[in-house]
Amino acid sequence: MSDFIENQVQLLLAGQALENDDICNVHAVAGDTTGAKSGQLTAHVPICLETVTYIVAAVVINDQGEVLMMQEAKASCTGKWYLPAGRVEKNENLVSAVKREVLEETGLVIAPTTLILVECANGTWFRFVFTGDIVGGALKTPDRANEESLQACWVRNINDLPLRSNDIIYLLDRGKSYVSNKTVPQHPQLMPATKPHARLLLRVVVTSKKRATNRLHVLMSDTDRCNPPVCEINPNRSLLSTLHSFMTEIFGNDVAQHKPHGLLSVEFSGGQGGDGLCLTLLVSFKLPLEDLPIFGKYVWHELSENVAETLATRLPRNMTVPLKVVR
């Protein structure tokens with residue numbers, strides 16, 4: 001069982017999907033679930049473009065430090081500028097969606113290299129922000145204007161443009177930090193893994209050190225499969241609210257201060273077996289595990305030195321994909 005647990009942790013650290021996890025044993029958080037008792041599942045079924053909205057966006061920066069921007073053609077914001085972005089269509093995966101949006105709106109072909117940010121508003125709106133390399137196509141000029149966009153261009157200073165919305169300024173800053181700031185360590189490249197999910201799920205990799213040995217441990221379910229804790233994301237609450245309620249159910253109402261670092265993996269259905277997803281969030285305690293009583297059906301597992309060292313490298317700032325909760 002120890003080898004199985006170590007393998008699960010290594011897969012998540014590599015951004016890969018867990019194939020043998022106990023998704024049937026998903027926990028619905030009490031007090032964070034509309035019309036459900038503790039341990040029961042919510043009735044929310046994610047249906048793309050109906051009950052859940054997935055957005056993709058691309059922050060592409062060239063060798064001159066310029067950002068790829070597009071000019072809107074929509075009547076509500078015609079002439080304004082924005083990043084290439086749009087809704088994921090039904091049965092479409094995230095990578096195909098961002099490639100399509102960039103091509104339609106800018107005329108260029110992108111090879112996405114990594115997620116740099118995931119945003120969530122309540123539990124039914126998610127935006128996945130990619131960066132990548134341009135590998136083909138021709139920059140869209142005004143004579144090729146259509147309903148997708150009027151034109152595209154490389155921009156050095158976005159303050160020179162009328163923006164559709166200032167919400168992309170944070171995305172641009174994040175992209176420039178990841179792509180251009182070579183002096184600061186950044187998270188490894190992370191691409192979404194395709195895996196069927198019928199629900200919106202939050203998986204937590206919770207860490208703490210044992211005072212007696214100073215060895216790093218991770219929390220696992222006390223079941224035959226021994227998986228990281230997974231709960232259902234409440235569609236009516238912020239994701240941070242879901243996380244807090246879940247941690248309270250595991251560690252009690254007086255749960256010690258803990259830090260959500262960012263995402264280790266993103267599993268997305270893309271219409272395969274549902275329109276759901278599973279986000280894996282790294283969470284750490286400063287307190288030793290001896291001071292963390294567990295009320296849920298979970299146990300601490302001591303990691304081998306190699307896996308513990310790898311996991312520890314992901315705890316500093318910028319070493320996971322940021323998960324921003326939009327309020």
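The values are calculated or read from the model by the stated rules, or taken from the named source; none is laboratory data. Just so you know, these numbers come straight off a predicted model, no measurement behind them. Here the Cβ positions follow ideal geometry from the backbone for every residue, glycine too, while neighbour counts run over all protein chains shown. Please note that ligands, DNA and RNA were not included when accessible areas were found on the heavy atoms of the full protein model with its side chains. Shrake-Rupley method; radii C 1.70, N 1.55, O 1.52, S 1.80 Å.
Quick notes on this one:
- The mean accessible area for residues of the chain, using a 1.4 Å probe and ignoring ligands and nucleic acids, is 45 Å² per residue.
- Karplus-derived 3J(HN,Hα) values for the range 182-196, using 6.51 cos²θ - 1.76 cosθ + 1.60 with θ = phi - 60°, are 7, 8, 10, x, 10, 5, x, 4, 10, 10, x, 9, 8, 7, x Hz; glycine and proline are entered as x.
- Using a cut-off of 21 Å between Cα atoms, the listed pairs K195/K297; K99/K182; K210/K324; K74/K140 include K195/K297; K99/K182; K210/K324 as exceeding that distance.
- Across the chain, Cα-Cα pairs more than 33 Å apart make up 29 percent of the total.
- Ellipsoid fit via the Cα gyration tensor, the range 53-180: semi-axes of 19, 17, 16 Å, each the root of five times an eigenvalue, largest first.
- Working note: Debye formula, equal point scatterers on the alpha-carbon atoms of the range 248-319, no solvent; log10 I(q)/I(0) at q = 0.28 Å⁻¹ is -1.27.
- Of the GluC sites (Glu not before Pro) found in the range 114-190, the ones in coil according to DSSP and having at most 16 other Cβ atoms within 10 Å of their Cβ are E147.
- Amide N proximity, the range 98-112 versus Q189 label position 7 Å along Cα-to-Cβ, cut-off under 16 Å: 99, 110-112
- Dividing the C-alpha radius of gyration of the range 204-243 by 2.2 N^0.38 Å, with N its residue count, gives 1.53.
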